[in-house]
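The values are calculated or read from the model by the stated rules, or taken from the named source; none is laboratory data. Just so it is clear, the model here is predicted, and its values are computed rather than measured. Every residue, glycine among them, receives a Cβ derived from its backbone with ideal geometry; neighbour counts consider all protein chains shown. When the accessible area is computed, the model is the full protein with side chains, heavy atoms only, and any ligands, DNA or RNA have been set aside. Shrake-Rupley method; radii C 1.70, N 1.55, O 1.52, S 1.80 Å.
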Amino acid sequence: MQILVLGSGAGGGFPQWNCHCKNCKGLRQNSINASARTQSSIAISSNGTDWVLINASPDLRQQINQTPQLWPADPEQQRGTSIRSIVLTDSQIDHTTGLLTLREGLPLPVYCTDVVYEDLTGAFPLFTMLKHWHGGLQRHGIDTEYDSAFTPEGADGLRFHPVVLASNAPPYSSYRDNIVPGNNIGLHIEDTRSGKSVFYAPGCVQANPLVESMLDKADCVLFDGTLWLDDEMIQNGFSNRLGTQMGHMPVNGEDGAVALLNRFNIERKVLIHINNTNPVLDEDSSAHQYLEDNHIELAYDGMHITL
């Protein structure tokens with residue numbers, strides 16, 4: 001199983017276009033040791049040729065153009081793609097807007113829960129809009145029960161298990177601050193040949209017993225690393241909401257992501273979906289060193305993991 005990190009940043013990426021926080025200013029002025037990041041998305045393959053896109057970032061065009069594995073490869077065709085299907089973990093703008101970029105390559109199968117489909121045909125009607133291009137998005141349902149595993153088109157040999165996560169729905173969703181199962185899911189993806197597995201959870205505010213069992217069995221975990229502190233956005237003057245209210249567990253602290261991941265014997269622990277304000281982005285910071293001391297990696301655009 002191969003995993004490509006196409007984008008490792010949170011909504012807005014890094015630097016965010018309108019942000020002049022310490023990190024964004026430092027990156028633009030080349031005064032901090034940090035790398036730019038596009039908005040969160042990964043791709044996964046069982047054979048290195050056919051790829052399943054997990055979430056479709058607004059930066060998807062850029063991400064595809066800088067990822068040779070996703071370029072058209074058939075010399076007999078004028079156009080083509082190695083993206084065989086798409087899986088959505090939620091209906092957030094930074095995980096779905098890239099579907100618009102794919103309009104020239106439709107139809108494509110898209111897997112999502114009923115709740116996400118409701119958002120994307122109602123409040124943010126991407127499915128409705130894109131039906132006008134070559135048959136649009138071919139929707140396949142995802143159940144919210146872990147045992148309801150599925151194999152997306154192009155992922156032979158891989159089994160995708162949905163893992164209901166505690167997080168929040170987008171501001172435009174009727175489920176905002178009124179969460180129901182299916183608003184946000186993680187994915188426990190097993191390679192049936194090697195027995196290896198990855199757990200992908202870019203948005204998670206707390207660990208329930210199922211999440212803990214995923215952390216216990218996965219060989220690699222890509223976990224929510226959005227904010228260093230719960231009140232980070234308030235401290236920076238960008239919001240009046242805590243990170244946990246937005247659906248994200250802080251990285252630091254006794255109830256944070258590092259403390260959680262350290263409870264389990266995981267071969268590779270990786271934080272993803274990093275907000276532009278998070279001090280871990282500065283590779284010379286004490287926060288970044290804290291990750292290294294705890295043997296936790298920070299996802300970056302172009303990261304390639306083989307299990």
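Observations, loosely collected:
- Top-ranked residue of region 174-202 - restricted to ones that are surrounded by fewer than 23 Cβ atoms within 10 Å (Cβ to Cβ) and among the hydroxyl-bearing types (Ser, Thr, Tyr), ranked as nearest to residue 123 (Cα to Cα): 174
- Residue list for region 77-90, filter: open to solvent by less than 40 Å² (accessible area, probe 1.4 Å) and not in a loop (DSSP other than H, G, I, E, B): 83, 85, 86, 87
- Residue match in region 25-46 (condition: surrounded by 19 or more Cβ atoms within 10 Å (Cβ to Cβ), more than 23 Å from residue 138 (Cβ to Cβ) and of a type in the set (A, V, I, L, M, F, W, C)): yes
- Qualifying residue in region 149-166 (condition: more than 29 Å from residue 2 (Cβ to Cβ) and either surrounded by 19 or more Cβ atoms within 10 Å (Cβ to Cβ) or in contact with a strand residue (DSSP E or B) (Cβ under 9 Å, 6 or more places away or on another chain) (or both)): yes
- Applying a threshold of 7 Å to beta carbon distances and a minimum spacing of six or more residues, or different chains, the list of pairs starting in region 229-241 at a residue that is free of Cβ contacts under 8 Å to residues at least 40 places away in the same chain and small (Gly, Ala, Ser) and ending at one that is exposed (fewer than 14 other Cβ atoms within 10 Å of the Cβ) and in a loop (DSSP other than H, G, I, E, B) is empty.
- Pairs where the first residue, in region 57-73, is of a type in the set (Val, Ile, Thr) and the second is open to solvent by 80 Å² or more (accessible area, probe 1.4 Å), C-beta under 8 Å, 6+ apart: 64/71
- Residues of region 93-103 include at least one that is without any contact (Cβ under 8 Å) to a residue 40 or more places away in the chain and either within 19 Å of residue 57 (Cβ to Cβ) or surrounded by fewer than 15 Cβ atoms within 10 Å (Cβ to Cβ) (or both).
- Residue match in region 91-104 (condition: over 19 Å from residue 273 (Cβ atoms), assigned to a loop (DSSP other than H, G, I, E, B) and modelled with pLDDT under 95): no
- Looking across region 107-127, just one residue is in contact with a helix residue (DSSP H, G or I) (Cβ under 8 Å, 6 or more places away or on another chain), assigned to a loop (DSSP other than H, G, I, E, B), in contact (Cβ under 8 Å) with a residue 24 or more places away in the chain and open to solvent by 10 Å² or more (accessible area, probe 1.4 Å), and that is 124.
- Residues of region 177-206 satisfying the condition of being in contact with a strand residue (DSSP E or B) (Cβ under 8 Å, 6 or more places away or on another chain) and not in a strand (DSSP E or B): 179, 181, 182, 184, 192, 196, 202, 203, 204, 205
- For region 64-76, the condition of being of a type in the set (Asp, Glu), open to solvent by 60 Å² or more (accessible area, probe 1.4 Å) and farther than 29 Å from residue 289 by Cβ holds for at least one residue.
- Tallying residues that are assigned to a loop (DSSP other than H, G, I, E, B) and open to solvent by less than 20 Å² (accessible area, probe 1.4 Å) within region 128-148 yields 2.
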